[in-house]
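These notes are about the structure you will find just below.
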Amino acid sequence: MSLDFSNKPELAALSHLVRALQRVADPLGIPFFLMGAAARDLMVHYAHGIELHRATQDADFAVMVRHWKGYGELRSALIGGRDFSSQPGPATHRLHHRSGMPLDIVPFGGIERQDRTFAWPPDEREVFDCFGVDEAFAASVEVTLPEETLVRVAPVTALAILKITAWRDRKYTHPGRDARDLFLFLRHYMDLGNLDRAAAEHPDLFAVADFDHVEAGATLLGRDMVALVGEGGCEPLLSILRPETDEQGALLLAAQSGMEIGRARRL
C-alpha cells in the first residue's frame, strides 16, 4: 500500500523536514518512520477526508538504532548540520528544524530492554514504553509528500496501539489529548477504507439485529490490532483497557474522550 500526497502544497514543510532528516539518517543506515499526530493527519484527514479539530504543528519520528551510541551519533549529526538545532533542557529527543517546525526523534530497536521499554540516559529516570513501535514500523505505509519525498508512516491500526500506551503514561499530564485521538480512530475506523474489507472478511459484524456502524468499526479495529501484535501480545493493551471498561470503575479514558460516557465505554 502507498499513498500519494505530492499535490498537497500545505505538506511542503513536512516534506522539507523529512528530506533534512533523510540526509543525515540514510548515510548512517538508520531507518525511521513517522508516527504521532502528523501521521494521524496524513492517514485520517489527507487519505480519507475526515476533518480534524486539532491539526499538528510538529512531527514525531521513530528511529531504529542498534545502541545508544548510534542514537547519539544521529542526534549529533543532525545538530551539527545546518538544518536542526536543540533547545536547553532535559528533552534530548526534541529538536527544531530551521523552518521552526519542532520534531521528536524517539529511538527503538537495540536500545530496548526485555520488557520493551528503555530509560533515557544519562540518569535513566524517564522511561519510554516501546510497545507497538516495532510493529508500527513493520506495518508502515509508504507516503509520497510534495517534491516526491518518500516517507514511511505508521498506519491507523498501529497509531491506535501507540495511543493506548501513551494515554496510560500521559492521562494526568495531558488529559484528553491521547484519549480524543484514540476515539477518533474508534469512531471512524470503518470509514478509513475498511468497509468493503469488513464486508468480505468479517461478515459477522453485519449479521446482528442492532447493527451499529461505529461500533462495528471499533470491533474491526480491535481485531486488526490483535493481528498486528499477535494473540499473545495483547496483554499490555488489555491491562490498560480492562479497568477502563469496568462500569463501576473510574472510566477516565471514556471521560476524556469528549463523548457520552456510555457510548465511549462501549467503543
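The values are calculated or read from the model by the stated rules, or taken from the named source; none is laboratory data. The shown structure was predicted, so the numbers you read here are calculated from the model rather than taken from an experiment. Here the Cβ positions follow ideal geometry from the backbone for every residue, glycine too, while neighbour counts run over all protein chains shown. Just the protein is used for accessible areas: all its heavy atoms, side chains included, with ligands, DNA and RNA removed. Shrake-Rupley method; radii C 1.70, N 1.55, O 1.52, S 1.80 Å.
What do you reckon, is ASP60 among the acidic types (Asp, Glu), surrounded by 14 or more Cβ atoms within 10 Å (Cβ to Cβ) and touching a strand residue (DSSP E or B) at 6+ places or on another chain (Cβ under 9 Å)? Taking the combined requirement at face value, the residue satisfies it.
Here's the yes/no breakdown for (1) under 21 Å from ALA39 (Cα atoms); (2) open to solvent by less than 40 Å² (accessible area, probe 1.4 Å):
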residue: GLY80; (1), (2): no, no
residue: ASP83; (1), (2): no, yes
residue: SER86; (1), (2): no, no
residue: GLU112; (1), (2): no, no
residue: ASP123; (1), (2): no, no
residue: ASP134; (1), (2): yes, no
residue: ALA160; (1), (2): yes, yes
residue: LYS163; (1), (2): yes, yes
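Are any of the residues in region 197-209 among the hydrophobic types (A, V, I, L, M, F, W, C), surrounded by 12 or more Cβ atoms within 10 Å (Cβ to Cβ), closer than 20 Å to ALA139 by Cα and in contact (Cβ under 8 Å) with a residue 12 or more places away in the chain? Yes: one or more hits. Of the helices (runs of 4 or more DSSP H) contained entirely in region 1-95, those carrying at least 1 residues that are more than 24 Å from ALA139 (Cα to Cα) fall at 12-25, 68-80.
The rows are residues; the columns are (1) closer than 19 Å to ALA59 by Cβ; (2) open to solvent by 30 Å² or more (accessible area, probe 1.4 Å); (3) among the hydrophobic types (A, V, I, L, M, F, W, C).
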residue	(1), (2), (3)
GLU142	yes, yes, no
VAL151	yes, no, yes
ASP178	yes, no, no
PHE211	no, yes, yes
VAL226	no, yes, yes
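Number of residues in region 234-267 that are assigned to a loop (DSSP other than H, G, I, E, B), aliphatic (A, V, I, L, M) and within 21 Å of LEU52 (Cα to Cα) equals 2.
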